[in-house]
Every structure is written in structure tokens, then in C-alpha cells.
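Structure, as C-alpha cells:
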Amino acid sequence: MPTKLELDPTNEIHARTLERLETDEIGWLGTNGRDGYPHAVPVWFFWHEGTILVFVQPHSVKTRNIQADPKVLFHLETDEVGDDVHIIQGTAVISPESTRVWIDRLGDAYFAKYQAALDRLGWKIDRIEDEYSVAVVITPEKFIGWL
């Protein structure tokens, strides 16, 4: 079993990664497709107790790919010149608990991060809980980054 990565807040690059995991709205989730090609899509995510939590649609390509191969890549956007790089390799599992359970557990912290985006889109939290009902928990194992 791979070892869970612990980011060190005293390391400048790790500290920047931790800050961005808490504040960035969008990250990119890469999964391994059945056709042998990588599949990468932007996702909302939540950094929770050293893991990355992503809510996905139950019949999405992401979900099928993770069920077939749990190895994933997660990265944040770079700056305008390609620096501020934060890439995490890890293992994803489909949580036995629904998105609704996770949102209840995360409480105000989830709304603090995503309420403005929900308002911008005209969505209510029920849409996330119903349409993106599968919770994926990514355990980071390797980090690549530079500023």
C-alpha cells in the first residue's frame, strides 16, 4: 500500500500548495481511461484532513475510470508564465458516503469556499448533492511542484 504524502507547512513550496488547496476553486483531475488515453477535467475540490475530496456524477467518465484504475493525478492551475506548479499523484476511492453526508460533515467550510460560485451559476446546494452524488477521496502519495 502506498504511503500517504504529508505536505510540510515549513517548506515554502508545500506551504504554497496547502494555501492553494484551501482557497483555489478549480483543480484538474486526471484519470486513466479504458482506451489507454488520459482523461483530464476541471473539478471543484475540497482539501480535507490531508485528502482531496471531489464530488462527481455517478455515471461520469471520471467515476468509471476511478472504479477501473484508482491511480489519479491532481493539479492546480499554473500562473501566466507556467510557474506556481502543484501536481499531486495519488489513489482515489469512491466513498461509501454520499455527497450529502460529506457536505453535512464539512458544514460551513464548504459553503465558505463555494457559495460565491454557486451563486454565480444560480445553483442551490441540492443540485450538487443530487447531480454530483458520488464522493471521491484522493489520498496524495507524491508531490511535484515549483514556484
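All conditions in (1) at pLDDT 95 or above; (2) closer than 27 Å to Arg16 by Cβ hold for Pro58, with the sole exception of (2). Evaluate the range 77-95: report whether one residue or more is surrounded by fewer than 16 Cβ atoms within 10 Å (Cβ to Cβ), under 14 Å from the mean Cα position of the chain (by Cα) and at pLDDT below 95. Within the range 77-95, one or more residues are surrounded by fewer than 16 Cβ atoms within 10 Å (Cβ to Cβ), under 14 Å from the mean Cα position of the chain (by Cα) and at pLDDT below 95. Here Ala109 meets each of (1) surrounded by 15 or more Cβ atoms within 10 Å (Cβ to Cβ); (2) closer than 22 Å to Pro140 by Cα; (3) among the aliphatic types (A, V, I, L, M) with one exception, condition (1).
Show me the strands (runs of 3 or more DSSP E) entirely contained within the range 66-147 in which 1 or more residues are in contact with a helix residue (DSSP H, G or I) (Cβ under 7 Å, 6 or more places away or on another chain) and more than 17 Å from Ala40 (Cβ to Cβ). Step through it out loud before you land on a result.
Values: elements: 71-76, 85-94, 134-146.
Of the strands (runs of 3 or more DSSP E) lying wholly inside the range 66-147, those with at least 1 residues that are in contact with a helix residue (DSSP H, G or I) (Cβ under 7 Å, 6 or more places away or on another chain) and more than 17 Å from Ala40 (Cβ to Cβ) span 85-94, 134-146.
Could you figure out which of (1) touching a helix residue (DSSP H, G or I) at 6+ places or on another chain (Cβ under 9 Å); (2) more than 19 Å from Thr78 (Cα to Cα); (3) surrounded by 15 or more Cβ atoms within 10 Å (Cβ to Cβ) isn't true of Val43? Against the list (1) touching a helix residue (DSSP H, G or I) at 6+ places or on another chain (Cβ under 9 Å); (2) more than 19 Å from Thr78 (Cα to Cα); (3) surrounded by 15 or more Cβ atoms within 10 Å (Cβ to Cβ), Val43 comes up short only on (2). When the strands (runs of 3 or more DSSP E) confined to the range 1-62 are screened for residues that are among the hydroxyl-bearing types (Ser, Thr, Tyr), those reaching at least 1 such residues are found at 26-32, 51-56.
The residues in the range 22-71 that are over 17 Å from His86 (Cα atoms), out of contact with any strand residue (DSSP E or B) (no Cβ under 6 Å at 6 or more places or on another chain) and acidic (Asp, Glu) can be counted, and the count is 2. Filtered by the rule that a residue be of a type outside the set (Lys, Arg), over 27 Å from Asp83 (Cα atoms) and free of Cβ contacts under 8 Å to residues at least 60 places away in the same chain, the range 117-147 gives Leu118, Asp119, Leu121, Gly122, Trp123, Ile125, Asp126, Glu129, Asp130. The residues on offer are Lys62, Lys113, Lys124, and the sole one that is closer than 20 Å to Gly33 by Cα and basic (Lys, Arg) is Lys62.
The values are calculated or read from the model by the stated rules, or taken from the named source; none is laboratory data. The structure displayed is predicted, hence computed values, not measured ones. Heads up, the Cβs are rebuilt from the backbone with ideal geometry, glycines too, and the neighbour counts pull from every protein chain shown.
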